[in-house]
1. Among the candidates Ala132, Ala120, single out the residue that is touching a Leu at 6+ places or on another chain (Cβ under 6 Å), assigned to a helix (DSSP H, G or I) and farther than 27 Å from Ala21 by Cβ.
2. It is to be established whether one or more residues within the stretch 59-74 are among the acidic types (Asp, Glu), more than 19 Å from Leu156 (Cβ to Cβ) and part of a helix (DSSP H, G or I).
3. Scan (1) out of contact with any Asp or Glu (no Cβ under 7 Å at 6 or more places or on another chain); (2) touching a residue at least 24 places away in the same chain (Cβ under 8 Å); (3) closer than 15 Å to Phe137 by Cα for the single condition Ala58 breaks and write down its number.
4. Please verify whether Ala18 is modelled with pLDDT of 95 or more and in a helix (DSSP H, G or I), treating the condition exactly as stated.
5. Can you name the number of the only condition in (1) under 16 Å from Glu67 (Cβ atoms); (2) of a type in the set (Lys, Arg); (3) surrounded by 12 or more Cβ atoms within 10 Å (Cβ to Cβ) that Lys128 fails?
6. Give the residue that is least open to solvent (accessible area, probe 1.4 Å), with candidates limited to residues of the stretch 85-115 that are modelled with pLDDT under 90 and charged (D, E, K, R).
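The values are calculated or read from the model by the stated rules, or taken from the named source; none is laboratory data. Nothing here was measured: the structure is a model prediction, and the numbers come from that model. For neighbour counting, all protein chains shown are included, and Cβ atoms are generated from backbone atoms with ideal geometry for every residue, glycine included. Each accessible area value is taken on the protein alone, full model and side chains, heavy atoms only, with ligands, DNA and RNA left out. Shrake-Rupley method; radii C 1.70, N 1.55, O 1.52, S 1.80 Å.
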Amino acid sequence: MPRTKLIPDDTVFTTLTALLAQGGEKAVSFATVAKATGLAAPTLVQRFKTRDGMVKAARIAAWQRAEAAALAAINATADKGPQGLLKALEATSPPRPDAADADLMRCAVRWRATVESALALRFGGGEKGREAATLLFAAWQGQLAWQPAGGKGFRLKDAVRRLT
């Protein structure tokens, strides 16, 4: 009978994600994650087998959380108009897609499909709803990608108003 996990995987993943954000790939090892979580390194090895397996499991969990959070934000927004959609999208922050890993790309594709499906329903469904959702998704992701580079020529709320 397996032992009860005193420190759940989600706690390990949160810690691992913070280590990655602070120091990149080199900051993550069984030893650093063990020290940060209070688990023994052999326990992490037993759970995840390899360091790369541990990192990948954390990244998959991040995509799953992002998918659930996006769906919840879109569905929970009381304001069904453009402002509600904007608030829902702004509350969502997905991980970066990793084209080099097929499993992580499947997670990213599933997240996108979930977001676009929920948006399409908010736009009334059907072909027009799907098209509007695809356009809004592309505009939103484009804005996120280019926002750090500056430029204030495009406003997402203007795109939402045009689509609604």
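1. Going through Ala132, Ala120 in turn, just one is touching a Leu at 6+ places or on another chain (Cβ under 6 Å), assigned to a helix (DSSP H, G or I) and farther than 27 Å from Ala21 by Cβ: Ala132.
2. yes
3. For Ala58, the failing item is (3).
4. No.
5. (1)
6. Ranking the candidates gives Asp98 first.
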